[in-house]
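Structure record follows, encoded as structure tokens.
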Ligand SMILES: *Cc1c(COP(=O)(O)O)cnc(C)c1O
């Protein structure tokens, strides 16, 4: 932290400025306000020095896809950056619900009753309430988490009624190798149908398209941090 590599710091600051510029341009094209679109820096698999450089560049909203990796990385950094916002964007096992509720400000991957039950219990126990998004499997892929689009509206209603959750928005990850636009359009329609106005959609390859379809947060990893294995 104190001996941050100045080359990495400059590179990361420049990358972030470029992505923010692209978000701004896409917002303008869509006649939307750039301030209505949050850039979520997906820091999974990134080395600590690049994450610290991103923090130094002013980035405060980060997304992780694994609870344990996120704990290791953020538990202490959280103390240093009280205005940090941490989002879980990967699948959550019910037995990790406690850790997730303790660490994350937003959980974007609620997609089943067993998880809702576990989250409700932990929220009551810890007195800490992360904001919740429902993940929709817009491509209906077998291997992907998320609720099927056909039952998404009923699911959101059940989350409100049976668990008392104020669902903030919907999230999706379109199938690889398909145009993302129709998936973003579907997610926007579903959000309207269940009365939520936040849409977490768009990654490095398609965040500008997502903004055109109404994304209120875009989850950008490689385009922001650079390629890495
Ligand atoms: C990894 C990941 C991203 C970021 O993907 P990039 O293509 O690197 O921008 C976004 N959302 C989720 C759910 C991810 O797992």
If you check residue 198 against the conditions, is it more than 11 Å from the ligand (Cβ to nearest atom) and within 30 Å of residue 124 (Cα to Cα)? yes
So which residues in segment 60-89 are modelled with pLDDT of 95 or more, farther than 13 Å from residue 221 by Cβ and in a loop (DSSP other than H, G, I, E, B)? 60, 66, 81, 83, 84
Given the residues 185, 152, 223, which is the only one that is within 15 Å of the ligand (Cβ to nearest atom) and either surrounded by fewer than 23 Cβ atoms within 10 Å (Cβ to Cβ) or at pLDDT 95 or above (or both)? 223
For segment 66-77, state whether one or more residues are touching a residue at least 40 places away in the same chain (Cβ under 8 Å), within 16 Å of the ligand (Cβ to nearest atom) and under 18 Å from residue 226 (Cβ atoms). no
Positions within segment 87-114 being in contact with a helix residue (DSSP H, G or I) (Cβ under 9 Å, 6 or more places away or on another chain) and within 12 Å of residue 44 (Cβ to Cβ), in sequence order: 88, 90
Test of understanding: among 213, 207, which residue is more than 22 Å from residue 155 (Cα to Cα), away from the ligand (no atom under 11 Å from the Cβ) and touching a residue at least 12 places away in the same chain (Cβ under 8 Å)? 213
When you scan segment 47-59, do you find a residue that is closer than 12 Å to residue 86 by Cα and within 16 Å of the ligand (Cβ to nearest atom), even just one? yes
Whether any residue in segment 6-28 is crowded, with 18+ Cβ neighbours inside 10 Å and either more than 16 Å from the ligand (Cβ to nearest atom) or within 22 Å of residue 166 (Cα to Cα) (or both) is what I want to check. yes
Here is a check on your reading of the model: is residue 119 at pLDDT 95 or above, within 23 Å of residue 154 (Cα to Cα), touching a strand residue (DSSP E or B) at 6+ places or on another chain (Cβ under 8 Å) and outside any loop (DSSP other than H, G, I, E, B)? yes
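The values are calculated or read from the model by the stated rules, or taken from the named source; none is laboratory data. Owing to the predicted nature of the structure, the values given are computational and were not obtained by experimental measurement. Positions of Cβ are generated from backbone atoms using ideal geometry, with glycine treated the same way; all protein chains shown enter the neighbour counts.
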